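Participant: Dropping a structure here in structure tokens format, bear with me for questions.
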Amino acid sequence: MAPWRRAGDTATTFLGLPTAPRGVGHLRGSEPFPVAARRALADSQLRRNLGKATTTIRAKRAAVVAELPDWEELREAGRAVKAEAMRHLDRYLERLEAQVEARSGTVHWARDATEANAIVTELIRATGATEAVKVKSLATDEIGLNEALSAAGITAYETDLAELIVQLGRDRPSHILVPAIHRNRAEIREIFLREMGDVDPALTDDPAALAEAARLHLRRKFLSAKVGISGANFAIAETGTLCVVESEGNGRMCLTLPQTLITVMGIEKVIGSWADLGVFLQLLPRSSTGERMNPYTSLWTGVTPGDGPQRFHLVLLDNGRTAALADETGRQALHCIRCSACLNVCPVYERTGGHAYGSVYPGPIGAVLSPLLTGVEDNASLPYASSLCGACYDACPVKIDIPSLLVHLRARHVEEARRARRLPSAEAVTMAAAAWVMADPGRYASAQRAGKSGRALSRGGRIRALPPPLSAWTRARDAPVPPAMTFREWWRESGRDRS
Ligand code: SF4
């Protein structure tokens, strides 16, 4: 048994739901969504960058999806495969572990970000290395691995172009697939000139020139690194095979050149079979980059003597996933294959960008996944960061019903807040008063007449501010101006009332 694994840990005990840990790491921002969103909305450059990028990706996706006559059947197959994997997650994880270890890999179980970071740090220390190359991985972003390694004197180099831009700019990712979507070419050129010691000072903002500068900068790291770190898009239980899909080839280098490979993977990434993988290799590239297939699909199974890394470690990360699994409605958020299609169609994301969500998982999926991983009270504003227009549901290749999940999490938040307060909320008092008024026709007619006095607050056909407690409504939106005549008055005056 590996020294980092706790005695007695198996998939079954690890998935012991009553003691499931909450997610920690980079899953919660320092301020609520409305505060961060207001600041983002004032940044016109950010909105221009986002609008241009999401419009382009949306058009590419729509074109390649339209090519497939069985797209809806594929979506349904993807949904069914994920639902099956979640239903038997313990069995699939144990199978995966057995297959990886049968092929000379080592499996570690990490309950949360702290445990996962400690495991990876010790594994790298054991090699004597002080540097590692990384292929883009949301799981390692989620646990704050780079920061944990840095504190231990180990430098992790991001090798995906967009992640490199974020790392060099001391920035935070703002999109699942295109972490530097908030940056334009001129900004990227400035970052490269400032941060890359070996860059040509005559560098232009031509995309090919920027990519070449990054390639030259990273080449030395690839050739000297003893340790590679990756995430995983999928893990196939029946053979213990890991799969990473990417576009730039940096992943292939990270996965094959170093002598030690450490893969950090959320436990929900496991699927049963190669046939299941076939479904996702059609759904994912079309939904993410708008391509028919990914330029690089890397697959590896344990260790192959004399070929590629000779030590392979798989870290299986919970960090709130079993807590999400325990929520029968919410668990479908774990079906996500991180394609980012829901971000690109979301009117809220397009205007605020990813940083406003305060989590490594932004956009519609972040608005449900982050509260499920941390507990709703730790990300209480996110389920409200949506107009519930449903565009995310239509775009999702595995048919996650995000609007219903948002409503479910809002209900959980209200219920948890009510229980914590033990006193009725202002909303509950208002609703009780409304029910009392509406239960009696006389009271209702009087309330309608009284409501007309609200017309005095109207400016330019809108009411922008109401007194407390109704100010809670107008803090976020205008109130409708009451009509000059109630329906009952109109009914009477138009001669229709024959009672
Ligand atoms: S929720 Fe669906 S659309 Fe959004 S990233 Fe996940 S798989 Fe893609």
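The values are calculated or read from the model by the stated rules, or taken from the named source; none is laboratory data. Keep in mind it's a predicted model, so treat the numbers as computed, not measured. Neighbour counts run over all protein chains shown; Cβ positions are idealised from the backbone, glycine included. Areas reflect the complete protein model, heavy atoms only, side chains present, ligands, DNA and RNA absent. Shrake-Rupley method; radii C 1.70, N 1.55, O 1.52, S 1.80 Å.
Participant: Quick check: Cα centre of the range 359-396 to Cα centre of the range 419-486, how many Å?
Facilitator: Here the answer is 29 Å between Cα centres.
Participant: Next question, about the same structure. Might you report the magnitude of the Cβ-based charge dipole of the chain about its Cα centre, with Lys and Arg at +1 and Asp and Glu at -1, to the nearest 20 debye? Spell out each step's value before the answer.
Facilitator: Details: 63 positive and 55 negative charges, 408 e Å.
The calculated dipole for the chain is roughly 1960 debye.
Participant: Calculate the FRET efficiency for V414 and W491 from the Cβ-Cβ distance with a Förster distance of 41 Å, rounded to the nearest 0.05.
Facilitator: On the way: r = 36 Å, r/R0 = 0.89.
Step by step, r from the Cβ atoms, then E = 0.65.
Participant: Under 19 Å from a point 7 Å along the Cα-to-Cβ line of E84: which residues of the range 281-323 have their amide N that close?
Facilitator: Counting backbone N atoms under 19 Å from the label point, the list is 281-284.
Participant: For the range 237-311, what does the alpha-carbon gyration tensor say about shape, rounded, prolate or oblate, given a ≥ b ≥ c as the root eigenvalues, a/c under 1.5 as rounded, and a/b over b/c as prolate?
Facilitator: Numbers: a/c = 2.16, a/b = 1.35, b/c = 1.59.
Since a/c reaches 1.5 but b/c is at least a/b, the shape of the range 237-311 is classed as oblate.
Participant: Charges at C-beta only: +1 for Lys and Arg, -1 for Asp and Glu. How large is the resulting dipole of the range 309-411 about its Cα centre, in Debye rounded to 20?
Facilitator: Numbers: 7 positive and 8 negative charges, 56 e Å.
In debye, rounded to 20, the range 309-411 gives about 260.
Participant: Distance in nm between label sites at M196 and R421, each 7 Å beyond Cα in the beta-carbon direction?
Facilitator: Distance between label points: 5.4 nm.
Participant: Then there is this: Below 8 Å, C-alpha to C-alpha, sequence gap of six or more: please give me the relative contact order for the range 57-154 in percent.
Facilitator: 20 percent
Participant: For the chain, compute Rh as the Kirkwood radius over C-alpha pairs and then the Stokes-Einstein diffusion coefficient at 25 °C and 0.890 mPa s; write the answer in µm²/s, rounded to an integer. List each step's numbers first, then the result.
Facilitator: Working: Rh = 24.9 Å.
Value of D from the Cα-based Kirkwood radius: 99 µm²/s.
Participant: Further question on the same structure: Order of 278-284, 339-345, 297-303 by packing, highest average Cβ count within 10 Å first? Present the calculation step by step, with values, prior to reporting the outcome.
Facilitator: Details: 278-284: 20.3, 339-345: 27.3, 297-303: 18.6.
Result, highest mean Cβ count within 10 Å first: 339-345, 278-284, 297-303.
Participant: What size of dipole, in debye to the nearest 20, comes out for the range 108-147 about its Cα centre when the only charges are +1 on Lys and Arg C-beta atoms and -1 on Asp and Glu C-beta atoms? If you can, show how the numbers build up before the last one.
Facilitator: On the way: 4 positive and 7 negative charges, 29 e Å.
Result for the range 108-147 is approximately 140 debye, rounded to the nearest 20.
Participant: Let me ask another. What number of lysine-lysine pairs in the chain show an alpha-carbon separation below 18 angstrom, given a sequence spacing of 8 or more or placement on distinct chains?
Facilitator: 9
Participant: Next question. With labels modelled as points extended 7 Å from the Cα through the Cβ direction, what inter-label distance (nm, one decimal) is found for A326 paired with T155?
Facilitator: Using points 7 Å along Cα→Cβ, the separation is 4.3 nm.
Participant: In nm, to one decimal, how far is the modelled label at R219 from the one at T430, with both set 7 Å along Cα→Cβ?
Facilitator: 6.3 nm
Participant: Just in the range 391-499: which trypsin sites (Lys or Arg not before Pro) are loop by DSSP and have at most 13 other Cβ atoms within 10 Å? Can you show the working numbers first?
Facilitator: Details: sites: K399, R410, R412, R418, R419, R421, R422, R443, R449, K452, R455, R459, R462, R464, R475, R477, R488, R492, R496, R498; in loops: K399, R422, R464, R475, R477, R496, R498.
Answer by residue number: R422, R464, R475, R477, R496, R498.
Participant: At 222 nm, what value in deg cm²/dmol follows for the chain if DSSP H runs of at least 4 each add -39500 (n - 2.57) and the sum is divided by all its residues, to the nearest 500?
Facilitator: That comes out to -14500 deg cm²/dmol.
Participant: Figure the gain on full extension for M293 and E73 (residue separation times 0.36 nm, minus the Cα-Cα span) and round it to one decimal in nm.
Facilitator: The M293-E73 span can extend by a further 77.4 nm.
Participant: Expressed as a rounded percentage, what relative contact order does the range 260-355 have, with Cα pairs under 8 Å and six or more residues apart? Intermediate values should be presented prior to the final figure.
Facilitator: Details: 71 pairs, mean separation 36.8, N = 96.
Answer for the range 260-355 is 38 percent.
Participant: Residues of the range 303-318 with the amide nitrogen closer than 19 Å to a label point 7 Å from the Cα of E131, along Cα-to-Cβ, please.
Facilitator: 309
Participant: What part of the accessible area of the chain, given as a whole %, is carbon or sulfur when the probe is 1.4 angstrom? Please report the intermediate quantities before stating the final value.
Facilitator: On the way: 12740 of 23150 Å².
About 55 percent, which is the carbon plus sulfur part of the accessible surface.
Participant: I'd like the FRET efficiency for S471 and S404, computed as 1/(1 + (r/R0)^6) with the beta carbon distance as r and R0 of 30 Å, rounded to 0.05.
Facilitator: Values: r = 30 Å, r/R0 = 1.00.
E between S471 and S404, to the nearest 0.05, is 0.50.
Participant: Which shape class, rounded, prolate or oblate, goes with the range 340-461 when its Cα gyration tensor gives a ≥ b ≥ c as root eigenvalues, a/c under 1.5 marks rounded, and past that a/b bigger than b/c marks prolate?
Facilitator: Numbers: a/c = 2.50, a/b = 1.75, b/c = 1.43.
It comes out prolate by the Cα gyration axes.
Participant: Apply the a/c threshold of 1.5 to the C-alpha gyration tensor of the range 14-103 and tell me whether it is rounded, prolate or oblate. Don't skip to the answer; put the middle values down first.
Facilitator: Values: a/c = 2.87, a/b = 1.32, b/c = 2.17.
Oblate, since a/c reaches 1.5 and b/c is not below a/b.
Participant: If I take R0 = 41 Å and measure r between the Cβ atoms of A208 and D478 in this structure, what FRET efficiency does the formula 1/(1 + (r/R0)^6) give, to the nearest 0.05? Walk me through the numbers on the way to the answer.
Facilitator: Working: r = 48 Å, r/R0 = 1.17.
The calculated FRET efficiency here is 0.30.
Participant: Follow-up question, since we're still on this one. Place a label point 7 angstrom from the Cα of E122 along the Cα-to-Cβ direction, then list the residues of the range 92-106 whose backbone nitrogen is under 14 Å away.
Facilitator: Nothing falls inside the zone, counting backbone N under 14 Å.
Participant: For the range 376-385, take each phi angle, set θ = phi - 60°, evaluate the Karplus expression 6.51 cos²θ - 1.76 cosθ + 1.60, and give the result in whole Hz per residue in order, putting x for glycine and proline.
Facilitator: Result, ordered by residue: 4, 5, 8, 9, 5, 7, 5, x, 8, 7 Hz.
Participant: Skip the ligands, DNA and RNA, and give the accessible area per residue of the chain with a 1.4 Å probe, whole Å². Mind dumping the intermediate values first?
Facilitator: On the way: 23150 Å² over 499 residues.
Per-residue value: 46 Å².
Participant: Please work through the chain and write down the cysteines that have no neighbouring cysteine Cβ at a distance under 4.7 Å.
Facilitator: For the chain, the answer is C243, C254, C336, C339, C346, C389, C396, because their Cβ atoms have no other cysteine Cβ under 4.7 Å.
Participant: Run through the range 275-367 and list the GluC sites (Glu not before Pro) located in a DSSP loop whose Cβ has at most 13 other Cβ atoms within 10 Å.
Facilitator: On the way: sites: E291, E328, E350; in loops: E291, E328.
Here the sparse-neighbourhood loop sites are E328.
Participant: Taking +1 at the Cβ of each Lys and Arg and -1 at the Cβ of each Asp and Glu, which of P305, Q448, L369 sits farthest along the dipole of the chain towards its positive end, judged by Cα position relative to the Cα centre?
Facilitator: After comparing all options, I get Q448.
Participant: A follow-up question, please. Sort 251-262, 39-50 for me by packing, meaning the mean count of neighbouring Cβ atoms within 10 Å per residue, highest on top. Write out the running numbers ahead of the final one.
Facilitator: Numbers: 251-262: 21.6, 39-50: 15.3.
For the peptides 251-262, 39-50, the packing ranking is 251-262, 39-50.
Participant: Report the relative contact order of the range 181-239, percent, no decimals, based on alpha-carbon pairs under 8 angstrom and at least 6 residues apart.
Facilitator: Computed value for the range 181-239: 24 percent relative contact order.
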